[in-house]
1. Just give me the residues in region A:153-193 being more than 7 Å from chain B (Cβ to nearest Cβ) and touching a strand residue (DSSP E or B) at 6+ places or on another chain (Cβ under 9 Å), in sequence order.
2. Examine region B:62-69 for a residue that is closer than 30 Å to residue A:21 by Cβ, within 16 Å of DNA strand C (Cβ to nearest atom), more than 14 Å from chain A (Cβ to nearest Cβ) and surrounded by 18 or more Cβ atoms within 10 Å (Cβ to Cβ), and state whether such a residue exists.
3. With respect to residue B:59, determine if the residue is among the small types (Gly, Ala, Ser), within 24 Å of residue B:123 (Cβ to Cβ) and crowded, with 22+ Cβ neighbours inside 10 Å.
4. Is it the case that some residue within region B:133-152 is in contact (Cβ under 8 Å) with a residue 24 or more places away in the chain and within 7 Å of chain A (Cβ to nearest Cβ)?
5. Outside any loop (DSSP other than H, G, I, E, B), assigned by TED's automatic domain parsing to the domain that holds residue B:77 and either at pLDDT below 95 or under 22 Å from residue A:193 (Cβ atoms) (or both): is that true of residue B:125 in this structure?
6. Output the qualifying pairs, or none if there are none: Cβ atoms under 9 angstrom, residues six or more apart or on different chains, first residue in region A:73-89 and of a type in the set (Ser, Thr, Tyr), second residue assigned to a helix (DSSP H, G or I).
7. Condition first: at the interface with chain A (Cβ under 7 Å from one of its Cβ atoms) and either in contact with a Pro (Cβ under 8 Å, 6 or more places away or on another chain) or over 16 Å from residue B:23 (Cβ atoms) (or both). Now tell me which residues in region B:110-132 satisfy that.
8. Is it fair to say residue A:90 is away from DNA strand C (no atom under 16 Å from the Cβ), away from chain B (no Cβ under 14 Å), basic (Lys, Arg) and surrounded by fewer than 20 Cβ atoms within 10 Å (Cβ to Cβ)?
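The values are calculated or read from the model by the stated rules, or taken from the named source; none is laboratory data. Nothing here was measured: the structure is a model prediction, and the numbers come from that model. Cβ atoms come from the backbone with ideal geometry, glycine included; neighbour counts cover every protein chain shown.
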Protein chains: 2
Amino acid sequence: MAGRPREFDRNEALAKARDVFWSRGYEGVSMADLVSTLGLASARIYAAFGSKEALFREAVELYDAEEGGFATRAIAEEPTAQLAIERILREAVETYTRKGRPHGCMVVLAATNCASENEGVREWLEGYRRRRTASLVERLERAVEDGELKPETDARILGDYYATVLHGLSVQARDGVPRSRLLATIPTVMLAVCSAAYPRSFPRAT
Amino acid sequence: MAGRPREFDRNEALAKARDVFWSRGYEGVSMADLVSTLGLASARIYAAFGSKEALFREAVELYDAEEGGFATRAIAEEPTAQLAIERILREAVETYTRKGRPHGCMVVLAATNCASENEGVREWLEGYRRRRTASLVERLERAVEDGELKPETDARILGDYYATVLHGLSVQARDGVPRSRLLATIPTVMLAVCSAAYPRSFPRAT
DNA sequence: GTTATTCTTTATCGATCGACAAAGAATGGA
DNA sequence: TCCATTCTTTGTCGATCGATAAAGAATAAC
């Protein structure tokens, strides 16, 4: 098990693929685009990654483990649901509006409209979105159990709400709405979870 | 100026094109798809509409004049900003989750990820989204002037917020989140404008 | 060295993409 | 009736799509 060693950095190529798929989506990037972006002949790309679709899926996994993983990290690290959600919103805006980087969320934008033959890719990304919603709901349920949020709080409604806002932020960022304007909406967005908590530190909305 | 009369209903064909573009997006629909969906040879489609892109633009205009026009109608018809926004949210959810119809908003979903050669189409749809945001901001500014909302209200932040939620609802609906769950989030979404109004009829959020 | 294995290079493959040319058919106006 | 105009039919265009075959080059195991 030896063979000729690969002459390019696979991780580097994968990162380039992630960026171009993030920018223009799965169907918006052709093999010719990948050849020029990665600087590799198509046969080399196929040898290393298998197919355009397999490369895309690996690119999404990389995105989700790095830039896209802020929600998982915030939920794991913040002591309360309110702090977790505020951090998620702030980091979402920052991640989605970084200079020199693609705007919006790759998981939301890279395969929303698909040809019927690529419906499988769309559904696979939908799974990522559903899981993010589920993790928000789960964290909010825990906050109700912990007594952080009022017992009459419906965690699923609240989780659906924050999933909706996060999805909307991607579209807004992709449309070029500046970071400052998106950050400015966060106190308004926080009203929901704060009003489900016992009155303490309300944000000044609007 | 006479010539052979057209043998098919142009409006009917346009409605079919709108539906398939709404379902799968501009790039997700091929001319072969249009030929089979409209039941017309490609030369007939070109004769009637000019090009795939011209047909798409006409289809979006039709969408915006009918299904997609609920925001314009609500703003024109409702006496207060709060009533207008609540109606917009409700009709958005209803429009985006109608049985047997494509889910989500055509303007949001039909060209979010585009090949570089179709960037013009994406920007054109972005214009529709920006105008919707602007009309929300404008209505909220008027509400501040009218005294419906507190004078310290920042109408642009609030308008950006509702634009974000509306964009997010499209993604949620496309992902198959059921109507009942999306409707259930509306009281939470209404918290923002209600807290900018003088205390009266607050929704029971969560 | 020999062999098995893997990567690189080069040149394509058939399918599909959006679009159109040319000829025939149906209308209104002269 | 004949013409100008417009639509319909048929066939196909060059470009691009994702993907691969075949041959040469570089490694490790033996």
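1. Once the filter is applied, which keeps residues that are more than 7 Å from chain B (Cβ to nearest Cβ) and touching a strand residue (DSSP E or B) at 6+ places or on another chain (Cβ under 9 Å), region A:153-193 yields A:155, A:193.
2. No: zero hits.
3. Yes; evaluated as a whole, the condition is true for this residue.
4. Within region B:133-152 (the criterion being in contact (Cβ under 8 Å) with a residue 24 or more places away in the chain and within 7 Å of chain A (Cβ to nearest Cβ)), the answer is no, since none of the residues qualifies.
5. No.
6. Listed by first residue and then by second, the contacts come to A:80/A:143; A:80/A:146.
7. Result: B:114, B:115, B:116, B:126, B:129, B:130.
8. Taking the combined requirement at face value, the residue satisfies it.
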